[in-house]
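Reviewing the structure listed below.
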Amino acid sequence: MKIKPDKIENLIKEIDDIIDRITQEEAMCQNQLSAVCTTYRRSARNLIHYHTLRSVDLRDIQKKLGNLGLSRLARSEQHVMASLMNTKFVLGRLISTVETDKLKKPGLSIKKGEKLLNQHTKSLLGYRSKGRRVRIMVTLPSEAANDLKLVLALASSGMNCARINCAHDEPEVWKKMIDNVQRAGKKIKRKITICMDLAGPKIRTGPIAQGPPVMRYAPDRDAFGRVINPAVIPLIDSESLDNELRGVVVSGEWLRKLNEGDKIVFKDTRDRQRELIVSKRLDEHVVYTHCGNTCYIGKGTVMHSSHSDENAATVIKLPSIPSWLLLMEGDILTVHASAEPGESASYDANGKIIRKAHIPCTYPSVFESVKTGEYIFFDDGKISGKVTEVTKESFDVMIHNAKTKGTKLRADKGINLPDTNLKQGGLTAKDHTDLVFIAEHADVVNYSFVNSPADVEDLITELDRLGVLGKLGIILKIETKKGYDNLIDMLMTGMKTKHVGVMIARGDLAIETGWENIGRIQKEILTICSAAHVPVVWATQVLENLAKTGIPSRAEITDTVNSLKAECVMLNKGRFINQAMQLLDKILRNMEDYQHKNVEFFPEMKKSM
């Protein structure tokens with residue numbers, strides 16, 4: 001290849017210009033750097049270097065370097081100045097210029113940049129598993145409070161961090177979960193890091209009016225319509241109204257006379273004759289029955305037992321019935337501030353709408369901020385629409401996206417308003433209360449819906465007040481547009497303490513930033529955090545299909561392989577969580593020889609098995 005000295009000299013000048021720009025920017029940020037904890041001082045400086053580097057369109061320089069067979073600076077984020085100076089030195093050697101005969105020390109070498117990230121990851125998330133660089137965080141289900149075997153199974157399968165979400169359960173349950181995690185850690189002789197999520201100011205749908213007091217029970221059938229498993233209908237007495245079996249409530253006196261094998265006949269709400277068989281008596285308060293046909297049982301349904309024609313019981317109460325609004329494209333939904341339970345639209349005899357479907361919103365400041373023309377998403381984007389009309393206490397939404405036959409919107413589902421300038425962020429009253437528990441019992445606090453450096457300052461101030469600043473680790477959950485846009489400034493603020501990390505909460509973040517952008521944005525978050533030597537948790541829907549159904553999808557396997565670019569992967573709870581844990585551990589170990597962060601390696605090629 002013929003070297004053209006003038007082109008090399010121009011390339012050196014372009015790199016010199018970038019170095020000068022970085023030096024000037026660093027000088028301007030001295031006050032910000034001086035506020036950073038000494039643990040992160042070099043990392044913060046490198047983050048400023050990276051931010052300045054990325055303020056330039058590097059594509060032309062990268063193409064020129066690639067044509068010379070040199071590094072394109074594509075993996076320079078952990079050691080920006082070292083990469084630039086090394087590249088300049090090699091270019092100078094190609095044309096033997098005197099100025100670059102000696103390689104100046106960059107301050108943070110390539111090797112040291114990687115070492116810093118490893119140190120910071122260990123101090124925040126604890127020890128890694130042998131043979132696996134990437135840690136695994138598991139969201140504990142409520143059952144973990146009373147099921148030590150479940151926690152021990154997860155720990156034995158490779159769980160490094162246990163996550164407890166303060167949006168669910170109570171401190172008594174959290175404490176039992178933590179006790180079981182610590183017992184499991186002692187059993188396998190390895191400390192498991194306790195991470196607790198603050199609930200944060202989540203915007204959700206409010207309650208929905210209960211539907212008619214009717215329960216539908218149906219057996220499982222095969223492709224020919226034959227019953228595989230009969231419907232199971234628990235009958236409970238009126239003294240067990242708080243029973244968790246969600247049974248049909250009848251008279252206790254009548255219930256106690258039932259025996260296994262007895263038949264119970266009744267007419268369901270459609271006036272169809274149905275028969276229940278008593279299959280098991282749990283105790284004097286609970287009886288299990290089976291039914292081979294679909295039946296609808298309502299409040300007031302009269303049941304007759306086979307051992308006495310005159311012995312009848314009336315259904316007193318039914319289990320709490322989850323309700324929903326069925327929304328279709330073109331529907332208008334009113335979202336309101338009042339606590340009035342939501343209802344579906346009502347129509348007159350001619351099909352003309354009398355009242356629009358409506359639902360309350362749990363976050364009052366929404367109504368101060370929302371404007372017409374802004375997009376809104378419900379339930380992780382399953383339903384979406386555009387705001388068409390706004391009043392002081394409500395706004396109307398034209399539904400643009402729902403299933404052909406309609407999509408059900410239930411209570412307590414997330415609402416995202418990516419276009420709205422919401423007054424959202426900081427610690428809620430519940431967060432302040434929960435932080436007292438977290439400060440005493442956890443190793444890391446996961447900060448939900450953090451949007452600005454001021455939000456991070458609020459948390460640091462509170463941790464200082466509780467006496468755990470520098471002891472309790474902080475993970476910033478990036479799940480909003482603002483959170484992503486302010487990430488660099490939030491990191492600079494977060495690095496005032498000793499232990500900081502970032503979680504890519506891809507569920508809300510994908511809705512907030514757009515599905516078409518989430519791939520680019522999660523890549524940018526990874527590189528920004530890498531430049532700051534801050535560990536990243538890859539979260540949301542990792543092996544979700546496997547965890548919930550026992551069968552993984554091909555797409556989620558590929559997604560899991562991509563998670564090797566992070567320092568930790570988070571699994572959410574599910575019935576098959578331990579199987580998901582075991583598969584994730586195997587995938588991460590198998591890929592260790594092929595991927596390290598964003599660097600690909602080429603071991604000897606092998607057969608598939």
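Any read-out appearing in this document is the output of simple, stated calculations on the displayed coordinates, not a laboratory observation. Since the model is a prediction, treat every value here as computed from it, not as a measurement. Because the Cβ atoms are built from the backbone with ideal geometry, glycine has one as well, and the counts that use them run over all protein chains shown.
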- When the gyration tensor of region 133-181 is built from Cα positions, what are the square roots of 5 times its three eigenvalues, in whole Å, from largest to smallest? 19, 13, 7
- Query: So how long is each side of region 214-314 along the principal axes, counting just the alpha-carbon atoms, biggest first, in Å?
  - Reply: 41, 27, 25
- Counting only residues 5 or more places away or on other chains, whose amide H sits under 5 Å from the amide H of residue 542 once H atoms are built in the peptide plane? 572
- Excluding residue 495 itself, calculate the net charge of residues whose Cβ lies under 12 Å from the Cβ of residue 495, where each Lys or Arg counts +1 and each Asp or Glu counts -1. +4
- Task: Collect residues whose amide H, placed 1.01 Å from N in the peptide plane, falls under 5 Å from the amide H of residue 501; neighbours closer than 5 in sequence don't count.
- Result: 474, 475, 476
- If you take the Cα Rg of region 467-596 and divide it by 2.2 N^0.38 Å, with N the number of residues, what do you get? 1.10
- Message: For residue 534, what residues show an amide H to amide H distance below 5 Å, using hydrogens built from the backbone and excluding near sequence neighbours?
- Response: none
- Give a residue-ordered list of calculated ³J(HN,Hα) values for region 410-419 (Karplus: 6.51 cos²θ - 1.76 cosθ + 1.60, θ = phi - 60°; whole Hz; x for Gly, Pro). 9, 5, 6, 9, x, 10, 10, 10, x, 8
- Message: Expected output is a single nm value to one decimal: the length gained when fully extending between residue 218 and residue 348, i.e. 0.36 nm times separation in residues minus the C-alpha distance. What is it?
- Response: 43.6 nm
- Item | Compactness of region 325-416, expressed as Rg and Dmax over alpha-carbon positions, Å | 12.5, 38
- Message: Could you derive backbone 3J(HN,Hα) for region 268-276 from the dihedral phi with the Karplus parameters 6.51, -1.76 and 1.60 (θ = phi - 60°), listing whole Hz in sequence and x where the residue is Gly or Pro?
- Response: 7, 5, 9, 6, 9, 5, 9, 9, 10
- Query: Per residue, what volume in Å³ does the convex hull of the Cα atoms of region 5-108 enclose?
  - Reply: 91
- Note on the structure: Computed about the Cα centre, the charge dipole of the chain from +1 Lys/Arg and -1 Asp/Glu charges at the Cβ has a magnitude in debye, to the nearest 20, of 2660
- Query: Convex hull volume of the Cα atoms in the chain, per residue, in Å³?
  - Reply: 221
- Restricting attention to region 379-454, which GluC sites (Glu not before Pro) occupy a DSSP loop and are surrounded by at most 14 other Cβ atoms within 10 Å? 393
- For region 151-304, using Cα atoms only, the Rg and Dmax in Å read 22.3, 63
- Item | Charge-dipole axis of the chain as Lys and Arg at +1 and Asp and Glu at -1 on Cβ define it, positive-most pick from 141, 174, 32 | 32
- Item | For region 198-203, 3J(HN,Hα) per residue [Karplus equation, 6.51 cos²θ - 1.76 cosθ + 1.60, θ = phi - 60°, Hz, x = Gly/Pro] | 6, 5, x, x, 6, 8
- If packing is taken as the mean number of other Cβ atoms within 10 Å per residue, what is the order of 588-601, 73-86, 222-235, highest first? 73-86, 588-601, 222-235
